[in-house]
Structure formats: structure tokens, C-alpha cells
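The values are calculated or read from the model by the stated rules, or taken from the named source; none is laboratory data. In this text the structure is predicted, and so the values were computed from the model without any measurement. Quick reminder, even Gly has a Cβ in these numbers, built from the backbone with ideal geometry, and neighbours come from all protein chains shown.
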Amino acid sequence: MRKFLLLTLMLSLLAVACEKREFHVVLETTKGNIELKLYNATPLHRDNFVKLVKEGAYDSLLFHRVIRDFMIQGGDPDSKNAAPGVFLGDGDKPYTVPAEFRLEEGIFHRRGVLAAAREGDDVNPEQRSSAMQFYIVWGKIFDDAGLDNIQKRLDDRTGGRVKLTPEMREVYKTVGGTPHLDGQYTVFGEVVSGLDVVDAIQQVPTDGNDRPLDNVCIIRARLR
């Protein structure tokens, strides 16, 4: 009995230790390296991203959708070796990840966060995330009037469920981001180094489908 209790205690402590571990992923890109910290508050997205990185799923993929002053998006498996000018964005794994919104824990769409792309509400009312596709927020800096307008849009879209707190508003007025996405797309990490690389990517020229004219490639993704 004592051996059983000791084993149970050891397993419990191991589980707690794993939850407290910080996972960092480095995206080695043709524009430079971006280091991401994954949030333990979103374990389903964290574990899925780590699994894909270990499998090499992101190696040689493109940032296939780039919108200046908004975000950079990657993770479409069809982008590997894609011919120039081909429309991208429909590729994925055959599963989705349940939404993990954590606004109450201060996790929202400020500049530099990592979030999961997803299908629209009309075909995805549970707002489940893409298995592979992700985006890194750039966004812009807002004033109070702009945030008031965003709040009205959020009220319409979420039935009043999502409210921009004074703390969030201050970040959006000083750091910037994309507040209109809050409470609708899962944020599950943040850039800890290489934000200048994100800035460089979000400024590249793109075609009518927001694909960079010159490929921006994730050479390799690895755990640090």
C-alpha cells in the first residue's frame, strides 16, 4: 500500500511539474528567427503545437497570408513547394482543436501574440481552431474612440459576451493589436524574441490573395 501511495504521489508531482514547464518554439524563417512561448493556460493548443513541431509539420511551409498592420499567417501544409501565385489557405490536418478563450487570464490579441486560425462561424459555430494554421498578431495602436467602435462590433458579434477591460484598452492604446478578434479566436502563445522579424514579414509586398510575392518560408520549427 505504501509503495502504491508513493507511486501515486510521484505521478501527481510529475504532472504538476509538466504543467509548470514552459514550452518555447523557435521558427527559423528566411527573414530571421522568431521565438514563441506557449501558454500553459491553453493546454490543448500548446500540446497540439508541440506535437506538430516535433513531427516537423511546419518545416518548409510558407507564411502564406500576410496583411500589413494586421497579422502574418502560416501553417498550411499545401504551401510546401507551392508554385508562385497559387492560392493557399485551405490545407490542414483532418481534425480541429476545441476553443480555449482565456480573456479572464489576461490573454488577448495584443501585438506579438500567437493565435489559431479557424473556419468561420457559419460552418464552425463552436469556434474550434485549425489543427495547423496559426497567425502572429501585429495590428495597430488605437485611441479611445476607435476602441469604443470596436466594443460595439464585439457586442454585436458576441452578444455582449466580450468586454474590453480598462487594462486591455490601455495595451491596445500603447502596444497595439487586433481587439476585434478577442473572444473569438484562441490565443495560445506570444513572441518573446524576434518581433522585429514579424514586423519585417508583415510589411512584405503581397498579391491579391495576401500571399507574399516573394516567399517567406519557415525553414524549420524546433523546440528550444
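Okay, here's what the table says:
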quantity	calculated
Pairs where the first residue, in region 176-190, is surrounded by fewer than 24 Cβ atoms within 10 Å (Cβ to Cβ) and the second is of a type in the set (S, T, N, Q) and assigned to a strand (DSSP E or B), C-beta under 9 Å, 6+ apart	Tyr185/Ser129
Selected residue (criterion: surrounded by the fewest Cβ atoms within 10 Å (Cβ to Cβ)) from residues of region 21-34 that are farther than 17 Å from Gln202 by Cβ and modelled with pLDDT of 95 or more	Glu22
Any chance Ile107 is touching a residue at least 40 places away in the same chain (Cβ under 8 Å), touching a strand residue (DSSP E or B) at 6+ places or on another chain (Cβ under 8 Å), hydrophobic (A, V, I, L, M, F, W, C) and more than 19 Å from Phe23 (Cβ to Cβ)	no
Residue within region 192-202 that is in contact (Cβ under 8 Å) with a residue 24 or more places away in the chain, of a type in the set (S, T, N, Q) and more than 21 Å from Gly89 (Cα to Cα) present	yes
Matching residues in region 122-138 - criterion: being touching a residue at least 12 places away in the same chain (Cβ under 8 Å) and surrounded by fewer than 18 Cβ atoms within 10 Å (Cβ to Cβ)	Asn124, Glu126, Arg128
Members of region 89-99 that are in a loop (DSSP other than H, G, I, E, B) and farther than 14 Å from Tyr58 by Cβ	Gly89, Asp90, Pro94, Tyr95, Pro98, Ala99
Residue count for region 61-81, restricted to those that are free of Cβ contacts under 8 Å to residues at least 40 places away in the same chain and part of a loop (DSSP other than H, G, I, E, B)	2
Test: residue in region 51-73 that is among the hydroxyl-bearing types (Ser, Thr, Tyr), surrounded by 15 or more Cβ atoms within 10 Å (Cβ to Cβ) and within 20 Å of Thr178 (Cα to Cα)	no
